[in-house]
Amino acid sequence: MRILIFGKTGQVATELQLQADVVALGRDSADLSDPAACAAVIAASDCDVVINAAAYTAVDRAEQEEAVAHVINGDAPTAMAHACAARGTPFIHISTDYVFAGTGTDPWRVSDPVAPQNAYGRTKLAGEEGVRAAGGQSAILRTSWVFSAHGNNFVKTMLRLSQTRDALSVVADQIGGPTPAADIAKAALSMAQQMLSDPNKGGTHHFGGTPAVSWADFATEIFTQANRAVTVSGIPTADYPTPACRPLNSRMDGTTLETDFNIAQPDWKTGLGCVLKTLEHTI
Ligand SMILES: NC(=O)C1=CN([C@@H]2O[C@H](COP(=O)(O)OP(=O)(O)OC[C@H]3O[C@@H](n4cnc5c(N)ncnc54)[C@H](OP(=O)(O)O)[C@@H]3O)[C@@H](O)[C@H]2O)C=CC1
Ligand SMILES: Cc1cn([C@H]2C[C@H](O)[C@@H](COP(=O)(O)OP(=O)(O)O[C@H]3O[C@@H](C)C(=O)[C@@H](O)[C@H]3O)O2)c(=O)[nH]c1=O
Ligand SMILES: [Mg+2]
């Protein structure tokens, strides 16, 4: 299976390169702010499947740069999906829990209505809609709270803060599933294989780590496993003001991924252990 990946340095893109023999395109060879160029790369490629692991992921900065984020998260995946449809190539795109409003406490099902609360979520939703409308064989994998040993993420932020702080205030009323990037890569590769052998496979699915926790609970588990003496105080969202509004409920229901692809939701505490081992006191 010849796999073409958009993204090279990101968390999921890095894990894809560690797990499979892929061609990974960095910004230098495919800039998502030029959607037509991304489509042209696909048209000229001999790949069997395309995975888009690149995105504008700076949630707060997107509030100021929504137009730029819209091209990268909305127009580029749409152009990729059209290019894939034109040559009959399965396309896998990664999306986010932030397409949901965050109301209630039930895990979000694939069939639930979307209502993004911030610019990043709106641009990611535009990408989903473009990919679905392109009409080819495609899958959208919505995930949440991604962490890994690479790039920027909450685990690395907490470890960095623990070098200078022995107490931290962390939001305790936003609940979601931390998801290891390694498990997302593994799921995407399995989906790619299955989509290649069955043209009827695809659709929108959820993949979020279990059990769901608050960011404060997540921080506490990070410090426990990393053996760092940091006291975590849970605070309400109102006490941690940020430019972008974040959903309170990011729980994801992974039933359809299990049914259609036989892929179970990942256990994030195990994945956290692997990441901390890889980081080995580098932070
Ligand atoms: N991070 C998270 O918590 C979550 C992420 N997701 C989704 O998962 C997917 C993977 O995210 P993740 O691995 O965390 O991403 P990262 O933030 O780790 O990396 C983003 C990647 O996108 C690339 N990129 C950004 N802008 C462009 C551009 N204009 N042209 C080419 N490449 C670009 C970056 O390249 P460069 O290094 O050159 O900037 C980088 O490789 C994304 O679709 C994201 O929306 C979903 C839920 C949660
Ligand atoms: C550093 C810090 C953060 N927080 C809060 C802010 C926020 O609510 C939460 C997580 O902060 P982050 O900046 O890591 O969150 P954020 O970048 O919004 O994470 C999101 O990224 C995008 C790409 C997604 O798709 C989402 O699934 C989600 O993972 O923790 C604290 O309460 N205390 C702290 O000291
Ligand atoms: Mg972030």
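The table below gives the values:
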read-out	value
Within segment 129-160, tally of residues that are farther than 17 Å from VAL59 by Cα, more than 14 Å from ligand 3 (Cβ to nearest atom) and either out of contact with any His (no Cβ under 8 Å at 6 or more places or on another chain) or not hydroxyl-bearing (Ser, Thr, Tyr) (or both)	14
Search result, residues across segment 226-240 that are more than 16 Å from ligand 3 (Cβ to nearest atom) and either of a type outside the set (Val, Ile, Thr) or surrounded by fewer than 17 Cβ atoms within 10 Å (Cβ to Cβ) (or both)	ALA226, ASN227, ARG228, ALA229, THR231, SER233, GLY234, ILE235, PRO236, ALA238, ASP239
Positions within segment 196-245 being of a type in the set (A, V, I, L, M, F, W, C), part of a strand (DSSP E or B) and under 30 Å from ALA134 (Cα atoms), in sequence order	PHE207
Where a residue in segment 168-194 is more than 25 Å from CYS245 (Cα to Cα) and its partner, wherever it lies, is in a strand (DSSP E or B) and more than 15 Å from ligand 1 (Cβ to nearest atom), with Cβ under 7 Å and at least six apart	ALA192/ILE3; ALA192/VAL49
Scan of segment 121-138 for residues that are of a type outside the set (A, V, I, L, M, F, W, C) and over 14 Å from the mean Cα position of the chain (by Cα), ordered by number	ARG122, GLU129, GLY130, ARG132, GLY135, GLY136, GLN137, SER138
Hits in segment 23-60 (condition: surrounded by fewer than 16 Cβ atoms within 10 Å (Cβ to Cβ) and of a type in the set (Gly, Ala, Ser))	GLY26, SER29, SER33, ALA36, ALA37, ALA40, ALA43, ALA44, ALA58
From GLN163, GLN194, residue being in contact with a Lys or Arg (Cβ under 6 Å, 6 or more places away or on another chain) and away from ligand 2 (no atom under 13 Å from the Cβ)	GLN194
Top-ranked residue of segment 39-66 - restricted to ones that are within 27 Å of TYR240 (Cβ to Cβ) and either away from ligand 3 (no atom under 16 Å from the Cβ) or aliphatic (A, V, I, L, M) (or both), ranked as farthest from the chain's Cα centre (by Cα)	GLU66
Filtered residues of segment 162-179 (kept if over 21 Å from the mean Cα position of the chain (by Cα) and either under 11 Å from VAL232 (Cα atoms) or part of a helix (DSSP H, G or I) (or both))	SER162, ARG165, ASP166, ALA167, LEU168, SER169, VAL170, ALA172
Residues of segment 61-89 satisfying the condition of being in contact with a Pro (Cβ under 8 Å, 6 or more places away or on another chain) and away from ligand 1 (no atom under 13 Å from the Cβ)	GLU63, GLN64, THR78, CYS84
Contacts under 8 angstrom Cβ, first residue in segment 64-75 being farther than 10 Å from ALA126 by Cα, partner more than 16 Å from ligand 3 (Cβ to nearest atom) and among the charged types (D, E, K, R), 6 or more apart	GLU66/ARG122
In segment 259-277, the residues that are surrounded by 15 or more Cβ atoms within 10 Å (Cβ to Cβ) and of a type outside the set (Gly, Ala, Ser)	ASP260, PHE261, ILE263, GLN265, PRO266, TRP268, LYS269, LEU272, VAL275, LEU276
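Residues checked against (1) outside any strand (DSSP E or B); (2) more than 14 Å from ligand 1 (Cβ to nearest atom):
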{"position": "THR123", "(1), (2)": "yes, no"}
{"position": "GLY127", "(1), (2)": "yes, no"}
{"position": "ARG132", "(1), (2)": "yes, yes"}
{"position": "ILE140", "(1), (2)": "no, no"}
{"position": "HIS150", "(1), (2)": "yes, no"}
{"position": "LYS156", "(1), (2)": "yes, no"}
{"position": "ARG160", "(1), (2)": "yes, yes"}
{"position": "ALA188", "(1), (2)": "yes, no"}
{"position": "GLN193", "(1), (2)": "yes, yes"}
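We did not get these values from a lab; they are worked out from the coordinates using the rules stated. Worth saying up front: this structure is predicted, and the values here are computed from it rather than measured. Counting neighbours? That spans all protein chains shown, and the Cβs are built from the backbone with ideal geometry, glycine included.
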